[in-house]
Structure formats: structure tokens, C-alpha cells
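Some notes on the structure that comes next.
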């Protein structure tokens, strides 16, 4: 994609060094704005809705965001090093065909989030303009169409939209927060240390962590056009900064709104709280959060499009084109809209259950993907072999599949949702500790299974396969293909 091209032409294919552009600091607005929207506010409501007080809910939000963002930010460095979208990078761990397992789960995540985003957007529109029904089909469809349009233009348009929303929301949130510190009156019981309740605290903490971890499935999508020499340290911290600050800030806002107006839905509570501080401020905040939700929905549709094209490529290798991207975006939008139109009014409970399911699906994957990239292969992959159906990574990789299944199975007794509660979770009073089990089990088993890999041979094969990946005239010593030498960014880690 040359910068002069209006519509992005690439999709799941490799981004050559000559087309790399942008600055590493551009990552923080992407993930700040990704969190500075209404769905994030809804996460902060969960602890209050379950009976926790504001003090302990706020601590749970901070702890959950800190942990979840840590994992997702490490995925960010994979984009510049490999020049590939996030999910296609699963092939070395799971195999050319085996990666379909995690891609199917990724599609469920994208479509599920966007269905709820559309429902929430219409609730916000109803709050802003009473003439719009809270379940208006036209508004649901129109919102999806706008988000799909942003995604269709592509990578650069998404970055620009996210930067615009980020600066707008920082200004609005600063005014709201400063006003709240001086003007908001919250009952003292909400600030009591004695108000600790284990179930609401852990539910909120794990929901916040889950919400941040689920970004992992497409973090590299928005860093893959960056120059390869940006390094792990810079990409990690710029991503972490944006995601943690944006996520924690909006979740805490949701917690405060829920504690102040516990009987209202999310958009109404948000607007009423801010309007109580300064007349009209709630409307400005709701509009800004709605714009953030729009661009976030565009990110989800973009990721769903890339995942659908990855599935297509598994069965029939494809050449990227604007038409194929448009077709995959349309499929994703139709699926999400159909679910949104059929959604019930019990939004918050279903949203909490959806977050739990996403946690279960992607905890093993994020552990395996990060362990392989940072500890096993250490960034040495062949871009060409990732797209070779009979290549060095095989059609099915038993190591990744075994680690995933084992990690998922180890989590089952700890599941706690409205759909199913495992035996250990029942004994713990409904507390869900599954993520704390799934991460180490999946990572440990994958590490053990990878001991049988001949890593030197793997590295040499990858280097040989990618000879000539970049024209010699454009490649420098620092910009050799990722498989030929340890990427410069992997020589330093965040610290």
C-alpha cells in the first residue's frame, strides 16, 4: 500500500520494507481510542452490578488492566518484525490447517463484540436523541455501515480516525475527571475498605484483564506497516501506555456512573453522571464515547476481514485485492448485524458471559503465541513458509494443538459463567480463576513440547526460504529478512 493509494490493497500478505511507514508513537492513539468507548465503560459496571463498592471495583479495574495489557502489548512487536497480520502468525505454532482452530475462535470474538457494540451504540443514540428507538433496526444497520466504510478504506484511515478520537477523548475525559474530583458526591459506603466482596472483585478484575487480552488477536494488524527497526521496547510501551490508560480510565468512569445511578443502562448513567457535574458535559462525553465505539467497531470488522481471508487462503491460496477485502467485510458486517438485531434487552449479563467465553478461548492461544515468538523461535520465521501449504510448519502442528487443548481443559473446572460453572469455581463461590491456570499450563506444555524442535535447522530453513524476500537494493544490513538474523528489536525487552 503506497501512501498515495486511497484504499488499502494489501490484506494478509507480507508488507515489504519499501511500503513501511508511520511512527511507533502512533500505536498509543490506536489503543487509547480502542478503549475510550462505550463497551469499555460497560466492563467497569460489572463489579458494581454484582454488589461491589466503588473502592474495590476501582482497584480491581486497575489490577485487571495492568495484567491483561501486559500480554496484549507484547504482541504489538510482532507486527513490525514480521510485516504480517496477527492471526496469520498462528500457522507456525498450529500448522497451516491447524490454525483454523484459533481463527474460528477469533471470528466468534470479532462478530460477538461488534454485535454488542451495535446494540450499545443504538442505546447511546436513543439517549442522545429520543426519536431513535433503543432497538432501532435502521440505526443498528446504519452504525454497522459506517464502521464497515472506515474499515474498507483500510489501515491508514483507521490510524487517522483513532488519533482524532484519542485527542478528543483526552480533552473530554480530563474535564470530566477534574469536575468529578471537586463536584461529585458519592456515598461514603462506596469508599469503605470494609466493603470488600471476593466475587465482585475477582469478576471485575478478570473481566478487565480479559477485555485487554482479547485485543491480542489483532494487535499486530495495526503495527505491521511500521519500519522493522522500531524494536520491542518501543512498540511494547507505546501500546501498553495507550491501552492501559484508555482502558482503566473508561472502566473507572463506568464504575463511578454505575455507583451513582445503579438503575440506569450504561449510556444513560454515563450521560447523567457527567451532566450532573456540568450541564451539557454528559452529551459531549457520550458523543465522544460513541465516536470511539464507531472506530472500535471498524477495527473489529477489519480484523474479522483479515481472519476470513486467512480462512479462505487455507483452502485456496489468494492474491490480495480490494474486492476480496470488501467481500469479507460485508460478510462480517452482515453476521454481526444479524446477531445485534436478534439481541435481547439483558445486555449486561450477556456481555459478562461473552467476556468470559473470550477469556477461555484466547488465554491458551496468547500464551502459546508469545512463548513461541519470544522464547522458542525468538522471532525467526519464514514469511514465505507461512503461506506454503506444504511448507516447513506443516499442515498440523501437534505442539501448539496439544498445548492449547491441555490449557483449555485445565481451565474447565475453574469456569464460572451463566452458561456453566465448573466444580472448583462452585467451591470458590463462583470465583473464576481460569486465566491464572490456562496461561502457565499452555505455556509450560508448549515449551516442553518444543524441546524436540531442532531450532538451528528450523532457523536455517527459514532463512533459506526467505532469501530474496526483499529486493537487494532496498535491504540493508539492519533490514535483512526476519528469519535471517535475530531482529534488532528482540535484543532488548521492556524494562
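The values are calculated or read from the model by the stated rules, or taken from the named source; none is laboratory data. It should be emphasised that the depicted structure is a prediction, and the values quoted were computed from it without experimental measurement. Glycine also receives a Cβ, built like all others from the backbone with ideal geometry; neighbour counts cover every protein chain displayed.
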Show the residue pairs meeting these rules: Cβ distance below 7 Å; 6+ apart or different chains; first residue within segment 19-45 and touching a residue at least 60 places away in the same chain (Cβ under 8 Å); second residue buried (at least 24 other Cβ atoms within 10 Å of the Cβ) and outside any helix (DSSP H, G or I). 20/226; 22/226; 24/226; 27/223
Filter result (out of contact with any helix residue (DSSP H, G or I) (no Cβ under 7 Å at 6 or more places or on another chain) and either under 17 Å from residue 184 (Cβ atoms) or in contact (Cβ under 8 Å) with a residue 12 or more places away in the chain (or both)) within segment 258-286: 276, 279, 280
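Every residue, every condition in (1) surrounded by fewer than 16 Cβ atoms within 10 Å (Cβ to Cβ); (2) free of Cβ contacts under 8 Å to residues at least 24 places away in the same chain; (3) in contact with a helix residue (DSSP H, G or I) (Cβ under 9 Å, 6 or more places away or on another chain); (4) under 23 Å from residue 211 (Cβ atoms), yes or no:
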| residue | (1), (2), (3), (4) |
| --- | --- |
| 110 | no, no, yes, yes |
| 117 | no, no, yes, yes |
| 121 | no, no, yes, yes |
| 137 | yes, no, yes, no |
| 143 | no, no, yes, yes |
| 150 | no, no, yes, yes |
| 163 | no, no, yes, yes |
| 172 | no, no, yes, yes |
| 181 | yes, yes, no, no |
State yes or no: is residue 79 closer than 15 Å to residue 235 by Cα, out of contact with any strand residue (DSSP E or B) (no Cβ under 8 Å at 6 or more places or on another chain) and in a loop (DSSP other than H, G, I, E, B)? no
Residue check, residue 394 over 24 Å from residue 92 (Cβ atoms) and surrounded by fewer than 20 Cβ atoms within 10 Å (Cβ to Cβ): no
Complete set of residues in segment 451-469 that are in contact with a helix residue (DSSP H, G or I) (Cβ under 9 Å, 6 or more places away or on another chain) and either surrounded by fewer than 19 Cβ atoms within 10 Å (Cβ to Cβ) or over 20 Å from residue 382 (Cα atoms) (or both): 452, 453, 455, 461
Quick check on segment 4-12. Is at least one of its residues free of Cβ contacts under 8 Å to residues at least 60 places away in the same chain and surrounded by fewer than 19 Cβ atoms within 10 Å (Cβ to Cβ)? yes
Any residue that is part of a loop (DSSP other than H, G, I, E, B) and either over 24 Å from the mean Cα position of the chain (by Cα) or surrounded by 21 or more Cβ atoms within 10 Å (Cβ to Cβ) (or both) - is there at least one of those in segment 232-250? no
Inside segment 313-328, the number of residues satisfying the requirement of being surrounded by 10 or more Cβ atoms within 10 Å (Cβ to Cβ), part of a loop (DSSP other than H, G, I, E, B) and out of contact with any helix residue (DSSP H, G or I) (no Cβ under 7 Å at 6 or more places or on another chain) is 3
When residues of segment 426-446 are filtered for being touching a helix residue (DSSP H, G or I) at 6+ places or on another chain (Cβ under 6 Å) and at negative phi, how many remain? 13
Have a look at 112, 98 and point out the one that is modelled with pLDDT under 90 and farther than 20 Å from residue 287 by Cα. 112
Those residues of segment 380-425 which are touching a helix residue (DSSP H, G or I) at 6+ places or on another chain (Cβ under 9 Å) and in a strand (DSSP E or B), in sequence order: 416
Residue match in segment 23-45 (condition: at pLDDT 90 or above, part of a loop (DSSP other than H, G, I, E, B) and surrounded by fewer than 24 Cβ atoms within 10 Å (Cβ to Cβ)): yes
Considering only segment 288-303, I want to know if a residue exists there that is in a helix (DSSP H, G or I), touching a residue at least 12 places away in the same chain (Cβ under 8 Å) and over 28 Å from residue 137 (Cα atoms). no
Considering 120, 168, which residue is modelled with pLDDT of 90 or more, assigned to a helix (DSSP H, G or I) and closer than 28 Å to residue 244 by Cβ? 168
State all residues of segment 190-211 that are over 16 Å from residue 255 (Cβ atoms) and either without any contact (Cβ under 8 Å) to a residue 24 or more places away in the chain or crowded, with 24+ Cβ neighbours inside 10 Å (or both); if no residue qualifies, say none. 194, 210
Filter result (in a loop (DSSP other than H, G, I, E, B) and surrounded by 13 or more Cβ atoms within 10 Å (Cβ to Cβ)) within segment 426-450: 428, 430, 431, 432, 433
